[in-house]
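Before any comments, here is the structure.
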Amino acid sequence: MIWRIGRHALFFAAMTAAASLFAGEEVLYWMIDGSATITTDLHGSPPTTATIGDFFGSIGTYFPDLAADGSSFAARVRVTGGGITEDTFLDLYIPGYGIDAGGGAYGVEFGEAGGYWGAGVPTGNQSPLGGFATGSPEYSFIVELGNIDSSDNWTTVATSAAETYNSLGAFIHETFDINPGQIAAWTPTQFVATPEPSGGLLTALGLVLLALRRGSRRKEA
């Protein structure tokens, strides 16, 4: 598996690696493998379903503005609910480094490992749940698939259905494990492509912003 370690995390990772092994914190095991499919329903076209590999291979068909050269695909876990008002993602535990605080926004890149292809295969990624390890208020977790360009800009291309903390109980364990063995990992297999704004919608949004700017200038005058 391939991690994009947050730029600020490497300095602290070595200091926290040993402590994190004994933290007793709840960890969500998750991964995405080659059996996943993505259903597309973009710009009013009839819905189609493709394997995740075929979808990535034809990404330019679905997202014409994405550059294939120098980019990669990754998966991350978004947290919603419980009063969250900003982008929030689960961190990642990286064996040999510790917790990559903030690195969850970059996700885990797709690649081959041990004869398997996916993100986190074959044993799963370990994401500490921290303050989200509670059912009250109820949090939901969504796996996002994204394209990362050479400047580390993330574009979400597909999302899984949301799952609650309670529904993921079989994949949550109480400690980090450098040899997880046969521990079950949450492995969503059905995703829905994220539609890009159409040209007409972008034009409409531009006109709205222009009108708001003009209105603001008139009030200042």
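Observations on the structure shown:
Per-residue answers, yes or no, for (1) part of a strand (DSSP E or B); (2) within 19 Å of residue 175 (Cα to Cα); (3) free of Cβ contacts under 8 Å to residues at least 24 places away in the same chain; (4) not acidic (Asp, Glu):
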| residue | (1), (2), (3), (4) |
| --- | --- |
| 118 | yes, no, no, yes |
| 123 | no, yes, no, yes |
| 127 | yes, yes, no, yes |
| 137 | no, no, no, yes |
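- Within region 89-116, being in contact with a helix residue (DSSP H, G or I) (Cβ under 8 Å, 6 or more places away or on another chain) and not in a loop (DSSP other than H, G, I, E, B) holds for 89, 92, 93, 94, 98, 99, 100.
- Of the candidates 105, 101, the single residue that is at pLDDT 95 or above and either under 16 Å from residue 87 (Cα atoms) or open to solvent by 40 Å² or more (accessible area, probe 1.4 Å) (or both) is 105.
- Region 150-166, residues that are touching an Asp or Glu at 6+ places or on another chain (Cβ under 9 Å) and either under 13 Å from residue 28 (Cα atoms) or of a type outside the set (A, V, I, L, M) (or both): 150, 154, 155, 156, 159, 160, 164, 165, 166
- Residue 138 touching a Phe, Trp or Tyr at 6+ places or on another chain (Cβ under 9 Å) and acidic (Asp, Glu): yes
- Of all residues in region 60-83, exactly one satisfies the criterion of being of a type in the set (Ser, Thr, Tyr) and without any contact (Cβ under 8 Å) to a residue 60 or more places away in the chain, namely 61.
- All positions within region 21-65 that are among the aliphatic types (A, V, I, L, M) and either in a loop (DSSP other than H, G, I, E, B) or modelled with pLDDT of 85 or more (or both): 23, 27, 28, 31, 32, 36, 38, 42, 50, 52, 59
- Any hit, region 78-88, residues being charged (D, E, K, R), open to solvent by 40 Å² or more (accessible area, probe 1.4 Å), in contact with a helix residue (DSSP H, G or I) (Cβ under 7 Å, 6 or more places away or on another chain) and more than 18 Å from residue 184 (Cβ to Cβ): no
The values are calculated or read from the model by the stated rules, or taken from the named source; none is laboratory data. Please read all numbers here as calculations on a predicted model, not as lab measurements. A quick note on method: Cβ atoms are made from the backbone with ideal geometry, for glycine too, and the neighbour counts reach across all protein chains shown. Calculation scope for accessible area: heavy atoms of the full protein, side chains included, ligands and nucleic acids excluded. Shrake-Rupley method; radii C 1.70, N 1.55, O 1.52, S 1.80 Å.
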